[in-house]
Each structure stands twice: as structure tokens, then as C-alpha cells.
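Chemist: Mind having a look at this structure? Questions to follow.
The values are calculated or read from the model by the stated rules, or taken from the named source; none is laboratory data. Note that the structure is a prediction, hence the values are computed from the model and not measured. Every residue, glycine among them, receives a Cβ derived from its backbone with ideal geometry; neighbour counts consider all protein chains shown. Just the protein is used for accessible areas: all its heavy atoms, side chains included, with ligands, DNA and RNA removed. Shrake-Rupley method; radii C 1.70, N 1.55, O 1.52, S 1.80 Å.
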Amino acid sequence: MTYTLSQLVSRLEVAEAHNHKRSNGETTLVEHRASRGQNITANIEMLDVSYDEERRVRMSASTLILNALWYSSMTDRYENVVEAYPETFEWIFRNPEERKQAAWSDFSEYLRSGSGIYWITGKAASGKSTLMKHIFDDRRTRNYLTTWAGTNPLCMATFFFWNSGTTQQKSQKGLLRALLHQVLLQHMDLIPVVFPAEWASQYSAKVNQTDRLSFSWSLSRLISALRVLVTQTSLPVNIFFLVDGLD
């Protein structure tokens, strides 16, 4: 990572100088007046890198990590859950005090100003997954969460467990890869923060034109990455996770 950091700094400095020179029409000839009154000239030997090329290299390294987190069945369960009939789950956004026997906490208020976990439970086949999909798709959810996020960017991510699905669809690894992929896809600047070692490896491989490295995600590595994501301060972002099927 130290080696990659030195590569990155050097390339950024040269790329920035190249971009500045191009925009101002300056040459790479530098004149320095020594104490003896002599004129000393030297040609700056530029690395073969431009500002745009450096951006492409960094983006390529980030994209490779995103692709490694992705798997084909990541959204299958969500897409297969039937959509709710109109008005079926309108009660979730209403004030529970409107009912004589309120049995739930005010969900809309939780979205606007709450924190922590809102837990939804119910009997098997009672429609919990349909409700969860309805919540995630309903525009009011994002509107209320935008109020909660305030001036920070809002990021929403979801995962639907499926006990009859693939290993990824019913495992913690699958959950973490899906959530990390969705958040980092929306905020790619966080990839070097959340996966510094992996990003450094891919960056160096790209710069040195060597073979790209493959990934084998361990549960502990994914948990560590999620902890970094939710505690980092490089990019303040309010994250809302909706997870279905934890039972």
C-alpha cells in the first residue's frame, strides 16, 4: 500500500502539472537563477501520464472491486417478490394512533427522524416480503429519509434473503457483498477508503500493466469493510439499509 501510495502521489503531481501546463500553454522548460547570477535551465522529464489518464486508472481500479463484489443472483429475490395491491400496505405510512389498537411504532416518524433499527415481524407467509418491497419502492420512503439525511447525501441499499435460493442468497457473505456493492456504486470515491488494500493492488497492477488480481471474499473481510463504511468520515453520508428475511 505504501508503494502504491507513492505511485499515486507521483502520478497525480505529474498529471496535475500536465493539466496546468496544457490549460495555460506553458512549456516544461524551467529557469532558475542561482546565487552566482547564473541561468540554469533544465528540462522536466514528464511521466507518460495525463490528468485524464490518471482518472481512468483510478476509476478502473474501483470498477474492478465493484465487479468483484457483484454476483448474478444478488437481486433475484427482490425482483421475484410480488408487488402489493394498491392500498394494501398504506397503513405502514399512517399514524398508528389512528387505529384503536395500534400495534406498531410510527414508521413514517422513524424514517424522518429516527435512528437504529426498526424491526418488522410476523407469521410465515403473512406478506412481510411484499411489505418490505413496497416500503423500498414507495417514493415516500425516500422523501422521509431525505429529511432525515439533511445536508448529507442519502444512500439506500437493500437485500432480500431467500432460504430456497443460492448460497449467496441465503448467507451473510451474500448480504454484505450486496449492501457494499450498492453503497459503493453510488459513492465510488469511498472504494479506496473501504477497501484500501484491494484498491491499492488493483491500482498498482493497472499502472504497471501486470495481471489483475482476483478476489476471494472472506466473511471477516466483508464485516470489516462494512464497519469502515459506516464509521468513515471522509464522505459524510446517511445510509439506510432495508433487509428482508432475517429469520
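Chemist: Take residue 147 and decide whether it is modelled with pLDDT under 95 and either over 20 Å from residue 95 (Cα atoms) or open to solvent by 80 Å² or more (accessible area, probe 1.4 Å) (or both).
Modeler: No; evaluated as a whole, the condition is false for this residue.
Chemist: Also: What residue, among those in the stretch 114-140 that are surrounded by 10 or more Cβ atoms within 10 Å (Cβ to Cβ) and modelled with pLDDT under 90, is farthest from residue 76 (Cα to Cα)?
Modeler: The qualifying residue farthest from residue 76 (Cα to Cα) is 122.
Chemist: May I ask you to list the residues in the stretch 157-174 that are open to solvent by 30 Å² or more (accessible area, probe 1.4 Å), among the polar types (S, T, N, Q) and at pLDDT below 95?
Modeler: Correct list: 163, 164, 166, 167, 168.
Chemist: Taking the residues in the stretch 195-237 that are within 16 Å of residue 61 (Cα to Cα) and charged (D, E, K, R) as candidates, determine which candidate is surrounded by the fewest Cβ atoms within 10 Å (Cβ to Cβ).
Modeler: The residue in question is 211.
Chemist: Additional query: Show the residue pairs that are 6+ apart or on different chains and have beta-carbon atoms under 6 Å apart, the first residue being within the stretch 219-247 and over 14 Å from residue 193 (Cα atoms), the second being open to solvent by 50 Å² or more (accessible area, probe 1.4 Å) and assigned to a loop (DSSP other than H, G, I, E, B).
Modeler: Short answer, once both residue conditions are applied: 238/152.
Chemist: Additional query: Sort through 154, 111 and tell me the only one that's open to solvent by less than 20 Å² (accessible area, probe 1.4 Å) and at negative phi.
Modeler: Criteria check complete, one pass: 111.
Chemist: A further question follows. Would you pick out the residues in the stretch 76-91 that are in a loop (DSSP other than H, G, I, E, B), touching a residue at least 24 places away in the same chain (Cβ under 8 Å) and hydroxyl-bearing (Ser, Thr, Tyr)?
Modeler: Answer for the stretch 76-91, where residues must be in a loop (DSSP other than H, G, I, E, B), touching a residue at least 24 places away in the same chain (Cβ under 8 Å) and hydroxyl-bearing (Ser, Thr, Tyr): just 88.
Chemist: Among the residues of the stretch 201-234, write down those that are over 18 Å from the mean Cα position of the chain (by Cα), among the hydroxyl-bearing types (Ser, Thr, Tyr) and either at pLDDT 95 or above or not in a helix (DSSP H, G or I) (or both).
Modeler: 210, 214, 216, 218, 220
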